[in-house]
Amino acid sequence: MAPPDRWLHTPPRRSATFDGHAIAEIRRAAATGIYDIRGFGAKRKLPHFDDLLFLGASMSRYPLEGYREKCGTDVTIGARFAGKPINLRIPITIAGMSFGALSAPAKEALGRGATAVGTSTTTGDGGMTAEEREHSSILIYQLLPSRYGMNPDHMRQSDAIEIVVGQGAKPGGGGMLLGQKISRRVAEMRVLPEGIDQRSACRHPDWTGPDDLEIKIHELREITDWQKPILIKVGASRPYYDTALAIKAGADAVVLDGMQGGTAATQEVFIEHVGLPTLGAIRPAVQALHDLGMHRTVQLVVSGGVRNGADVAKCLALGADAVSIGTAALIALGDNDPHLEDEYRKLGTTAGAYDDWHEGRDPAGITTQDPQLAARLDPVVAGRKLANYLTVLTLEAQTIARACGKSHVHNLEPEDLVALTVEAAAMARVPLAGTDWIPGDGRR
């Protein structure tokens with residue numbers, strides 16, 4: 001009989017710190033000497049809206065009957081100073097995504113889908129396309145630090161202007177558009193050389209603080225004859241102060257983008273390690289609005305990781321006036337669709353995980369400038385899918401609002417929510433489920 005081994009070995013155990021992804025990234029960095037660039041948003045697990053639950057009506061609350069009693073979903077944005085505020089039928093808008101990052105058919109499809117349900121879409125960096133303006137009944141024109149495609153005539157043709165100070169995926173950082181996506185048309189719109197990598201500035205050249213920004217906002221109001229609402233978009237980082245300063249500068253609305261918000265291309269280290277989760281950013285921004293007496297006067301639009309009607313309702317309950325979606329809208333158009341699995345595998349990835357949007361090889365024809373790939377996307381069909389998705393989100397939010405006894409989705413409030421984790425309770429400032437304890441509120 002063979003003697004037993006002197007040392008008994010336990011089964012192999014992988015490190016939680018040096019997991020498969022961390023090890024692969026170390027090897028990739030060692031082999032290439034460059035940091036990783038990708039699209040999409042944060043993929044790490046973060047406190048999110050799934051950590052909150054609604055308290056539906058029972059004995060102490062009276063629900064509304066879904067088929068007989070109305071529940072409003074409309075929202076007006078920009079009535080503080082603008083002569084023509086925008087009126088949306090639903091509290092869900094389409095976030096800014098540029099032509100360049102997206103194909104022309106994708107931009108058209110976004111406009112078609114948003115128009116069908118009575119909401120707005122947004123230009124993104126690089127200017128306004130004719131297809132986008134034609135098919136968007138309400139179009140918001142973004143003004144970014146790059147100034148790419150900036151055109152005062154297009155500003156006048158838009159329905160609102162959104163000054164982008166930052167994005168949730170990269171607060172403090174600029175955008176990227178690699179050369180393979182800078183086609184002749186994109187280059188002409190942005191006044192760039194065709195096929196050469198582009199990197200946007202991380203801050204606007206026209207101001208260094210809120211006092212200068214106030215002057216810029218006045219300039220934009222003069223360009224548009226004081227008719228267009230002026231929105232300011234910030235990446236969630238210091239939401240209380242950023243919201244307060246945006247109000248001071250004269251914004252009609254604030255767009256607050258959490259770190260689950262997507263991007264066409266930036267450093268992965270930005271996406272995963274800079275900013276605040278969307279859940280942790282809403283209440284400080286709402287507090288700033290309350291402290292300045294501007295809640296519901298200056299609208300708050302929240303973006304970053306909104307996926308379904310429950311997410312929409314939770315944002316509104318925490319004090320937002322509307323939400324904005326980007327990544328979810330692209331998925332509704334057909335991004336990462338399983339029927340393209342074979343083609344995703346050829347690119348070294350799989351449906352649901354494809355994030356190399358910067359490479360311009362998207363088989364769905366959405367995040368590309370390749371004419372053959374872009375032609376795969378039918379903007380009419382894709383627009384119809386987006387409209388269906390937006391309709392479902394709205395119906396889901398209404399269903400929840402009615403269950404809480406609300407005749408308008410804006411009547412949802414923090415009192416309708418509880419949290420499943422201590423972290424979510426502290427961030428959302430609602431009680432931990434089954435208790436009356438809100439971590440950090442000073443009560444025991």
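The values are calculated or read from the model by the stated rules, or taken from the named source; none is laboratory data. In this text, all values refer to a predicted model and were calculated from it rather than measured experimentally. Quick reminder, even Gly has a Cβ in these numbers, built from the backbone with ideal geometry, and neighbours come from all protein chains shown. We work out accessible area using only protein heavy atoms, side chains counted, and drop any ligands, DNA or RNA first. Shrake-Rupley method; radii C 1.70, N 1.55, O 1.52, S 1.80 Å.
Remarks
- Sequence-distant contacts, meaning Cα pairs under 8 Å at least 6 residues apart, place the relative contact order of the chain at 23 percent.
- With a 1.4 Å probe rolled over the protein heavy atoms of all chains, the accessible area of 59, 97, 155 falls in the order 59, 97, 155, largest first.
- By the rule of a C-alpha distance below 16 Å, with chain neighbours fewer than 8 residues away ignored, the lysines paired with residue 70 are 406.
- Shown is the FRET efficiency for residue 206 and residue 227, computed with R0 = 25 Å from the Cβ-Cβ distance and rounded to the nearest 0.05: 0.70.
- Calculated FRET value between residue 396 and residue 134, using beta carbons and R₀ = 35 Å, to 0.05: 0.70
- Selected from 350, 368, 391 as most flexible by GNM, with the chain as the system and alpha-carbon contacts under 10 Å: 350
- Which of 188, 132, 341 is most accessible, then next, and so on - probe 1.4 Å: 188, 341, 132
- DSSP beta bridge pairing in the chain, given as percent antiparallel to the nearest 5: 25
- Furthest towards positive pole of dipole, 96, 143, 352, structure part the chain, Cβ charges: 352
- If a spin label sat at a point 7 angstrom from the Cα of residue 380 along the line to its beta carbon, no backbone N atom of segment 328-365 would be nearer than 11 Å.
- Under the Debye formula (equal points on every Cα, no solvent term), log10 I(q)/I(0) of segment 300-403 at q = 0.12, 0.19, 0.22, 0.25 Å⁻¹: -0.48, -0.94, -1.10, -1.26
- Of 216/248; 181/216; 170/233; 45/346; 84/314; 43/107, those spanning more than 21 Å from alpha-carbon to alpha-carbon: 181/216; 45/346; 84/314; 43/107
- Cα shape, segment 1-78, gyration tensor, a/c 1.5 rule: oblate
- Hull-based mean projected area of segment 60-113, where the convex hull spans the alpha carbons, in square nanometres: 7.3
- Rolled with a 1.4 Å probe across the full set of protein chains, the surface gives residue 53 an accessible area near 80 Å².
- Direction-averaged projected area, Cα convex hull, segment 357-403: 4.1 nm², rounded to one decimal.
- Put 99, 81 in order of accessible area, highest first, and with a 1.4 Å probe you get 81, 99.
- Solvent exposure of residue 333, expressed as accessible area, is near 10 Å², computed with a probe of 1.4 Å over the protein chains only.
- Residue of 195, 209, 174 that the Gaussian network model of the chain assigns the largest fluctuation, springs spanning Cα pairs under 10 Å: 209
- The phi-based Karplus calculation (6.51 cos²θ - 1.76 cosθ + 1.60; θ = phi - 60°) puts the 3J(HN,Hα) values of segment 81-88 at 10, 6, x, 10, x, 8, 10, 10 Hz, whole numbers, x for Gly and Pro.
- Counting every alpha-carbon pair across segment 243-319, the share separated by more than 19 Å comes to 40%.
- Residue 25 paired with residue 188, simple spin-label distance in nm, labels 7 Å along Cα-to-beta-carbon: 4.1
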